[in-house]
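Undergrad: Here it is, the structure in full.
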Amino acid sequence: MRPLLLVPLLAACLQGTPASAAPEEAGLLAAREMRHLAATFPGRSVGTQRAGAAAEYLARRLTRMGYVVERQAFDSSYTVEKPGAEKLSQPAEGINLIARRPGGSGPVVLVGAHYDSRPVRKADDARQHIGGAALAGLDDNASGVGVALALAERLAAKPLQHEVRFVLFSGEEVGLKGSRAYVDSLAAEERARVRLMINLDSLITGDRLYFHAGPKTVSANPAAGFARDMALEIARARHIKAETNPGLNPKYPAGTGCCSDLEPFDEAGIPVLAVEATNWTLGERDGYTQTDRPGIPGGMSWHKTDVDKAEVIDHVLPGRVEQRAREVTEVLGTLLERLARPAKGQGAPDF
Ligand SMILES: [Zn+2]
């Protein structure tokens, strides 16, 4: 963990907010939603009917909680490589879901998670059971979506001073297309309102839970890591094990994360809190090897139809889905309430 960067402000933020009611319940809801999305909408890769059905389900859930849900369509064409043939361009229209509470014009904390799963992109993919219609994507990324829904529910009826906006992206698996389209769609004024992006991606299979900041924003200004430091502090106070990238591989600086929908936000100068579970001490120490459990071949479940599903994950890691769902929901629920509903006279950092 990095030294705390905003000690006085942080101390102010850590006081005065009561522990939320029923964190157990929110965690269980997150786990149920993860399992439902993975089991009911496998093969929800961008542009498919299954992705459309998943989007409708998610939009309905958020609408019922009282959010106004906008569907943002974007071009998410991608290339498919076949041996001995030209690369094929696969046309695909992606849909992002943007959920807001009515009203609100001040600072925004944005919670993002991609709901799409990996398509088949190479001739070899199908043979190696990578991507496609059978991929449940429980870890990547029904897990992030489940937590986002539970947080949305937890905050739906709370009086908040600042807006918490939920954006469920598509097209992550074909080059972060949905999150890029979303950031590009924000006018300068609207972009300036977004004071933090929290990205949830792959929370289950990895040995360890991590909170990172965005590499570009913290290298320009270390204070942009405020939410990472707050999340680590909240986790520590609640005896939840969490850490940040130790920086063992010089390509990936300590305290920062990468390789998901946080990137377009980080590039736009928006502070990021990236939440993931993996193991930055294994393999190339680049965060790609999630675990040393022998039941997960090669140490990763990403994109594998025969691994990234409940039957395997529950067998190899019994209880993990519910445990992580509870831990992440508890830390982030507390963090969001502190940021969006600061106690009287105490502004959150940078807000
Ligand atoms: Zn993912």
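The values are calculated or read from the model by the stated rules, or taken from the named source; none is laboratory data. A quick note: this is a predicted structure, and the numbers were derived from the prediction, not measured. Using ideal geometry, Cβ is built from the backbone for each residue, glycine included, and neighbour counts are taken over all protein chains shown.
Undergrad: Just the residues that are hydroxyl-bearing (Ser, Thr, Tyr) and touching a helix residue (DSSP H, G or I) at 6+ places or on another chain (Cβ under 7 Å), please, taken from region 253-290.
TA: THR256, SER260, THR289
Undergrad: With the structure loaded, tell me whether GLY298 is at positive phi, more than 16 Å from the ligand (Cβ to nearest atom) and not in a loop (DSSP other than H, G, I, E, B) or whether it fails that test.
TA: For GLY298, the condition - at positive phi, more than 16 Å from the ligand (Cβ to nearest atom) and not in a loop (DSSP other than H, G, I, E, B) - is met.
For every residue, the table says whether it meets (1) on the phi < 0 side of the Ramachandran plot; (2) touching a Ser or Thr at 6+ places or on another chain (Cβ under 9 Å); (3) part of a strand (DSSP E or B).
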| residue | (1), (2), (3) |
| --- | --- |
| THR205 | yes, yes, no |
| HIS212 | yes, yes, yes |
| ALA224 | yes, yes, no |
| ARG228 | yes, yes, no |
| LEU232 | yes, yes, no |
| HIS239 | no, no, no |
| ASN249 | yes, no, no |
| TYR252 | yes, no, no |
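Undergrad: Of all residues being surrounded by fewer than 19 Cβ atoms within 10 Å (Cβ to Cβ) and touching a Phe, Trp or Tyr at 6+ places or on another chain (Cβ under 9 Å) in region 36-51, which is farthest from LEU138 (Cα to Cα)? Just the residue, please.
TA: Selected residue: ARG50.
Undergrad: Let me ask something additional. Restricting to region 171-189, give me the number of residues that are within 12 Å of the ligand (Cβ to nearest atom), part of a helix (DSSP H, G or I) and not acidic (Asp, Glu).
TA: Summing the residues that are within 12 Å of the ligand (Cβ to nearest atom), part of a helix (DSSP H, G or I) and not acidic (Asp, Glu) in region 171-189 gives 3.
Undergrad: Pick out the one residue from GLY66, GLY47 that is touching a Pro at 6+ places or on another chain (Cβ under 8 Å), on the phi > 0 side of the Ramachandran plot and at pLDDT 95 or above.
TA: Only one candidate passes the filter, namely GLY47.
Undergrad: Do we have LEU332 as touching a residue at least 12 places away in the same chain (Cβ under 8 Å), of a type in the set (A, V, I, L, M) and within 30 Å of LYS158 (Cα to Cα) here?
TA: For LEU332, the condition - touching a residue at least 12 places away in the same chain (Cβ under 8 Å), of a type in the set (A, V, I, L, M) and within 30 Å of LYS158 (Cα to Cα) - is met.
Undergrad: Moving on. So which residues in region 71-87 are under 17 Å from GLU56 (Cβ atoms) and loosely packed, with under 13 Cβ neighbours inside 10 Å?
TA: ARG71, ALA73, listed by residue number.
Undergrad: In region 191-208, what residues are under 23 Å from SER76 (Cα atoms) and over 13 Å from the mean Cα position of the chain (by Cα)? Step through it out loud before you land on a result.
TA: First, the residues of region 191-208 that are under 23 Å from SER76 (Cα atoms): 191, 197-202.
Across region 191-208, the qualifying residue is only ARG191.
Undergrad: Something else: When you scan region 120-132, do you find a residue that is buried (at least 18 other Cβ atoms within 10 Å of the Cβ), of a type in the set (Val, Ile, Thr), within 15 Å of the ligand (Cβ to nearest atom) and not in a helix (DSSP H, G or I), even just one?
TA: Yes, that holds for at least one residue.
Undergrad: Can you tell me which residue is surrounded by the fewest Cβ atoms within 10 Å (Cβ to Cβ) among those in region 224-239 that are over 23 Å from ARG285 (Cα atoms) and of a type in the set (A, V, I, L, M, F, W, C)?
TA: The qualifying residue surrounded by the fewest Cβ atoms within 10 Å (Cβ to Cβ) is ALA237.
Undergrad: Restricting to region 75-91, count the residues that are more than 13 Å from VAL174 (Cα to Cα) and either touching a helix residue (DSSP H, G or I) at 6+ places or on another chain (Cβ under 6 Å) or at pLDDT 95 or above (or both).
TA: Qualifying residue count, region 75-91: 2.
Undergrad: So CYS258 fits all but one of (1) within 26 Å of VAL174 (Cα to Cα); (2) surrounded by 23 or more Cβ atoms within 10 Å (Cβ to Cβ); what number is the exception?
TA: (2)
Undergrad: Looking at LEU168, LEU155, LEU138, LEU200 in this structure, which one is surrounded by 19 or more Cβ atoms within 10 Å (Cβ to Cβ) and away from the ligand (no atom under 16 Å from the Cβ)?
TA: Numbers: LEU168 fails: away from the ligand (no atom under 16 Å from the Cβ); LEU138 fails: away from the ligand (no atom under 16 Å from the Cβ); LEU200 fails: away from the ligand (no atom under 16 Å from the Cβ).
Step by step, each of LEU168, LEU155, LEU138, LEU200 is checked, and only LEU155 is surrounded by 19 or more Cβ atoms within 10 Å (Cβ to Cβ) and away from the ligand (no atom under 16 Å from the Cβ).
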